[in-house]
Amino acid sequence: MKAEWVRQVAERLDAGLAQRPRVALILGSGLGELAETFEDIRAVPYEEIPEFPVSTVIGHAGRLVFGRLSGVPVVAMQGRFHLYEGYTAEQVAFPVRVFRLLGADVLIVTNASGGVHRGFQPGDLMLIRDHLNLTGKNPLVGPNDEELGPRFPDMSAAYDRELLALARRVGRDLGIPLREGVYAGLLGPTFETPAEIRMLRILGADAVGMSTVAEVIAARHAGMRVLGISCITNMAAGILNQPLSHEEVIETGQRIGNTFGRLVGEIVRRL
Ligand code: HPA
């Protein structure tokens with residue numbers, strides 16, 4: 001990855017901004033509406049950023065939304081890029097690097113996931129304590145550009161302890177119950193087989209999805225603090241006697257959208 005490309009995009013975006021974002025948010029399936037509640041919105045469709053891939057998934061809008069959330073300058077991705085769309089891990093992580101150069105030092109990454117832990121229910125919100133990168137990909141493969149970050153980044157506290165503690169406090173204060181656990185990131189685009197879900201449970205996963213790990217790796221490489229929130233949109237394959245569908249994922253995300261928005265808004269206010 002050439003630091004130069006990242007810088008060019010950041011400079012072009014920066015030129016149109018009243019305030020540089022302090023916090024970057026990646027909004028997962030069904031969770032994108034939070035960006036509509038920002039104040040002083042300036043939206044940039046991904047098509048207007050030639051270096052960005054174009055999001056191809058139904059339910060993902062495909063734009064950057066700059067604005068203020070709880071008074072804090074933020075930037076959100078409404079729609080993200082996935083490995084299963086055919087993008088490289090480097091492409092998937094590219095926006096995170098741009099956000100870092102724009103000035104964001106906190107990344108709040110969100111996603112929809114399947115509940116692997118049997119105690120979870122669709123509609124639960126789970127703080128991501130750690131992840132399993134089972135995609136077989138890593139955005140840092142290839143020559144390392146020291147301007148972007150170190151060759152061998154530490155991942156022992158990839159999900160920031162203080163941000164986790166803050167999120168727990170906010171959940172308690174707002175009366176929003178929060179689960180916690182390990183997110184397994186897989187390549188997709190197929191949902192898993194029941195045997196794969198049993199395997200993931202043995203490996204220590206509590207939730208499974210097709211995103212997030214590449215973005216978090218790039219964020220840690222760049223020295224950002226990361227908070228991860230997963231919306232359990234369905235129980236993972238084989239737990240209930242029913243097929244999985246993308247519709248269910250979007251519906252649950254939208255149903256929980258308000259609660260999710262209150263939680264994230266208050267976390268950002270207290271950062
Ligand atoms: N598996 C993988 N990804 C997902 C799921 C799931 O069950 N639900 C939402 N994203």
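Taking segment 52-71 as the search range and keeping residues that are surrounded by fewer than 19 Cβ atoms within 10 Å (Cβ to Cβ) and at pLDDT 95 or above, which one is farthest from the chain's Cα centre (by Cα)?
Gly71
One residue is enough: does segment 29-51 have a residue meeting the conditions in a loop (DSSP other than H, G, I, E, B), under 30 Å from Glu266 (Cα atoms) and either at pLDDT 95 or above or of a type in the set (Lys, Arg) (or both)?
Our first condition is that a residue be in a loop (DSSP other than H, G, I, E, B); within segment 29-51, this holds for 29-31, 38, 49-51.
Okay, now just the ones that are also under 30 Å from Glu266 (Cα atoms), so 29-31, 38.
Still in the running and either at pLDDT 95 or above or of a type in the set (Lys, Arg) (or both): 38.
Checked against the condition, which is being in a loop (DSSP other than H, G, I, E, B), under 30 Å from Glu266 (Cα atoms) and either at pLDDT 95 or above or of a type in the set (Lys, Arg) (or both), segment 29-51 yields at least one hit.
Is it fair to say Arg129 is over 18 Å from the mean Cα position of the chain (by Cα), of a type outside the set (Ser, Thr, Tyr) and not in a loop (DSSP other than H, G, I, E, B)? Explain how you work it out, then say what you get.
Values: over 18 Å from the mean Cα position of the chain (by Cα): no; of a type outside the set (Ser, Thr, Tyr): yes; not in a loop (DSSP other than H, G, I, E, B): yes.
Spelling it out, it is not the case that Arg129 is over 18 Å from the mean Cα position of the chain (by Cα), of a type outside the set (Ser, Thr, Tyr) and not in a loop (DSSP other than H, G, I, E, B).
Residues are listed down the side, and each one gets a yes or a no for (1) more than 16 Å from the ligand (Cβ to nearest atom); (2) not aliphatic (A, V, I, L, M):
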| site | (1), (2) |
| --- | --- |
| Gly71 | yes, yes |
| Gln78 | yes, yes |
| Glu85 | no, yes |
| Val106 | yes, no |
| Leu140 | yes, no |
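Against the condition buried (at least 19 other Cβ atoms within 10 Å of the Cβ) and in contact with a helix residue (DSSP H, G or I) (Cβ under 7 Å, 6 or more places away or on another chain), how does Ile49 come out, does it pass?
Values: buried (at least 19 other Cβ atoms within 10 Å of the Cβ): no; in contact with a helix residue (DSSP H, G or I) (Cβ under 7 Å, 6 or more places away or on another chain): yes.
No, not satisfied.
State all residues of segment 132-169 that are in a loop (DSSP other than H, G, I, E, B), open to solvent by 90 Å² or more (accessible area, probe 1.4 Å) and either of a type in the set (D, E, K, R) or touching a helix residue (DSSP H, G or I) at 6+ places or on another chain (Cβ under 8 Å) (or both); if no residue qualifies, say none. Before the answer, list the steps.
Of all residues in segment 132-169, those in a loop (DSSP other than H, G, I, E, B) come to 134-160.
Pick out the ones that are also open to solvent by 90 Å² or more (accessible area, probe 1.4 Å) and you get 137, 141, 143, 146-147, 152, 154.
Of everything in segment 132-169, those that are in a loop (DSSP other than H, G, I, E, B), open to solvent by 90 Å² or more (accessible area, probe 1.4 Å) and either of a type in the set (D, E, K, R) or touching a helix residue (DSSP H, G or I) at 6+ places or on another chain (Cβ under 8 Å) (or both) turn out to be Lys137, Val141, Glu146, Glu147, Asp154.
Scan segment 7-22 and tell me whether some residue there is aliphatic (A, V, I, L, M), under 19 Å from the mean Cα position of the chain (by Cα) and buried (at least 18 other Cβ atoms within 10 Å of the Cβ).
Going residue by residue through segment 7-22, those that are aliphatic (A, V, I, L, M) are 9-10, 13, 15, 17-18.
Then drop every residue that is not under 19 Å from the mean Cα position of the chain (by Cα), which leaves none.
Among the residues of segment 7-22, not one is aliphatic (A, V, I, L, M), under 19 Å from the mean Cα position of the chain (by Cα) and buried (at least 18 other Cβ atoms within 10 Å of the Cβ), which makes the answer no.
Look through Leu127, Leu166 and report the one residue that is away from the ligand (no atom under 16 Å from the Cβ), within 21 Å of Arg80 (Cβ to Cβ) and touching a residue at least 60 places away in the same chain (Cβ under 8 Å).
Values: Leu166 fails: within 21 Å of Arg80 (Cβ to Cβ).
Leu127 is the lone residue from the list that is away from the ligand (no atom under 16 Å from the Cβ), within 21 Å of Arg80 (Cβ to Cβ) and touching a residue at least 60 places away in the same chain (Cβ under 8 Å).
Just to check your reading of the model, which residue among Ala76, Ala93 is in a helix (DSSP H, G or I), closer than 15 Å to Ile26 by Cα and at pLDDT 95 or above? So that I can check it myself, show each step before the final result.
Working: Ala76 fails: in a helix (DSSP H, G or I).
Going through Ala76, Ala93 in turn, just one is in a helix (DSSP H, G or I), closer than 15 Å to Ile26 by Cα and at pLDDT 95 or above: Ala93.
Just to be sure I understand the filter: pairs with C-beta atoms under 8 Å, separated by 6 or more residues or on different chains, first member in segment 235-255 and closer than 13 Å to Asp124 by Cα and of a type in the set (Ser, Thr, Tyr), second member open to solvent by less than 80 Å² (accessible area, probe 1.4 Å) and near the ligand (Cβ under 9 Å from one of its atoms). Which pairs pass?
Qualifying pairs under 8 Å: Thr252/Ala112; Thr252/Cys231; Thr252/Ile232; Thr252/Thr233; Thr252/Asn234.
Take the conditions out of contact with any helix residue (DSSP H, G or I) (no Cβ under 6 Å at 6 or more places or on another chain) and either closer than 25 Å to Val170 by Cα or open to solvent by less than 10 Å² (accessible area, probe 1.4 Å) (or both) and apply them to Gly119. Does it pass?
On the way: out of contact with any helix residue (DSSP H, G or I) (no Cβ under 6 Å at 6 or more places or on another chain): yes; either closer than 25 Å to Val170 by Cα or open to solvent by less than 10 Å² (accessible area, probe 1.4 Å) (or both): yes.
Judged against the criteria, Gly119 is a match.
Being buried (at least 21 other Cβ atoms within 10 Å of the Cβ) and β-branched (Val, Ile, Thr) is the requirement here; does Ile250 meet it?
Numbers: buried (at least 21 other Cβ atoms within 10 Å of the Cβ): no; β-branched (Val, Ile, Thr): yes.
Taking the combined requirement at face value, the residue does not satisfy it.
The values are calculated or read from the model by the stated rules, or taken from the named source; none is laboratory data. This one's a predicted model, so the numbers in the text were calculated from it and none came from an experiment. Please note: Cβ atoms are built from the backbone with ideal geometry, for glycine as well, and neighbour counts cover all protein chains shown. Note: areas computed on protein heavy atoms with side chains; ligands, DNA, RNA excluded. Shrake-Rupley method; radii C 1.70, N 1.55, O 1.52, S 1.80 Å.
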